[in-house]
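The values are calculated or read from the model by the stated rules, or taken from the named source; none is laboratory data. Computed from a prediction, not measured in an experiment: that's the story for all the values here. Cβ coordinates were reconstructed from backbone atoms using ideal geometry, including for glycine residues, and neighbour counts include every protein chain displayed.
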Amino acid sequence: MDIGIDLGTANIIITKNKQGVVLNEPSVIAYNKRTERVVAVGTEAYKMEGRAPEHIAVVHPVQGGVISDDVLTQALIRELIFAAAGHPIVKPRIIIAVPSLITEVEKRAILDAATSTGSRRVHLIHEPLAALIGADIAIDQPVGSMVVDIGGGTTDIAVVSMNGIVSTRSVKVAGNHFDQEIMRYVQNKYQIVLGKNTAEEVKMQLCNLYDPADDVTMTVKGRNLARGLPDQCELSQVELYEALEESIITIIETIRRVLEETPPELVGDICANGILLTGGGALLGGLEAYLTRTLGVACRKAKDPLTCVADGISKAFRRKDVLLDGFERVEGYSQG
Ligand SMILES: Nc1ncnc2c1ncn2[C@@H]1O[C@H](COP(=O)(O)OP(=O)(O)OP(=O)(O)O)[C@@H](O)[C@H]1O
Ligand SMILES: [Mg+2]
């Protein structure tokens, strides 16, 4: 059995054999602090967030694409692989995508999590390579391709040529930060405290970065800061733009830096071929057009930005030889 894993800060996606994506759930685990038992994983655990009693901890064990809690991440991966496979599996081959700037210690934690499922062969693939493969962009040629992956925890920017990463940067400004900025904006302007999920909903439904209108609005509900009672306000696209502007500028500055650090021949390729946008953040309303206008380079989002990396992992099982350069082979790493 071939299992592919995109272990993200916000979502964990699992692919199986040639079927592609078979499971896509929030990277959340809930456990009982008294009995130390897992209560729920994925969507079930996500629903408990902010609603669980004291003795149930609801945890996001992956932060910025790397493991912040070993034991819980292992439990999360194991439970979800079993759920995806439908039964405990015998020695699967696993490919896991990892951020391009991962440290050896972080890499080890991810390998341990994967081998704790009983797998003997685990390969790692750098996320930007997986994203480009997922979008059917040829990466084995001496031609530069750029990908901007705006996830939950981090925005990862990389230039790839001949199956390798040429230049890369990561910044902790992505989906979660956008939500925080929306909460901060509404609190400062209207003295209303929004829940995190409400902020995320506004971001998904109202956002228009390219051409924001002040007469397109959405009612948002929260709690009045002074009175502590339920309260609401009308938020416009222009206001949402104001809330997110600084974050978007940070991302644009980081893209510029990566381009500065990229050899000119490859920059020429990128100008000609455009930039691939992936990760859930690529779905921000108007982002594609906004980035294209600001950078002067065509920016296109992947067909499905949320599963693009996972699609690439799934394809990588068949293109392993081509991709050897992109893999960290961990042969002989035995379980237990
Ligand atoms: N339609 C949308 N508009 C704006 N943002 C969206 C949309 N859909 C999802 N998102 C955001 O995308 C983020 C999750 O994206 P993704 O699943 O790519 O992250 P991840 O891979 O788990 O995180 P990371 O790569 O940082 O570890 C969340 O912050 C979510 O709010
Ligand atoms: Mg991701």
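Worth a mention:
- Checked against (1) within 16 Å of ligand 2 (Cβ to nearest atom); (2) part of a strand (DSSP E or B), H177 passes all but a single condition, namely (2).
- The requirement of being touching a Gly at 6+ places or on another chain (Cβ under 6 Å) and either of a type in the set (K, R) or not assigned by TED's automatic domain parsing to the domain that holds I150 (or both) is satisfied by P99.
- Meets criteria (within 23 Å of the chain's Cα centre (by Cα), assigned to a strand (DSSP E or B) and either assigned by TED's automatic domain parsing to the domain that holds I13 or not aliphatic (A, V, I, L, M) (or both)) for R169: yes
- The condition (being at pLDDT 95 or above, of a type in the set (V, I, T) and farther than 30 Å from T250 by Cα) is satisfied by just one residue among I56, I89, I137: I56.
- Look at (1) free of Cβ contacts under 8 Å to residues at least 60 places away in the same chain; (2) at positive phi and you find that M218 fails only one, number (2).
- All positions within region 166-210 that are under 17 Å from D149 (Cβ atoms) and touching an Asp or Glu at 6+ places or on another chain (Cβ under 6 Å): S167, S170
- Filtered residues of region 138-151 (kept if touching a strand residue (DSSP E or B) at 6+ places or on another chain (Cβ under 7 Å), part of a loop (DSSP other than H, G, I, E, B) and surrounded by 20 or more Cβ atoms within 10 Å (Cβ to Cβ)): I139, G144
- Looking only at region 229-254, and only at residues there that are within 19 Å of G151 (Cβ to Cβ) and away from ligand 1 (no atom under 16 Å from the Cβ), the one that is surrounded by the most Cβ atoms within 10 Å (Cβ to Cβ): I252
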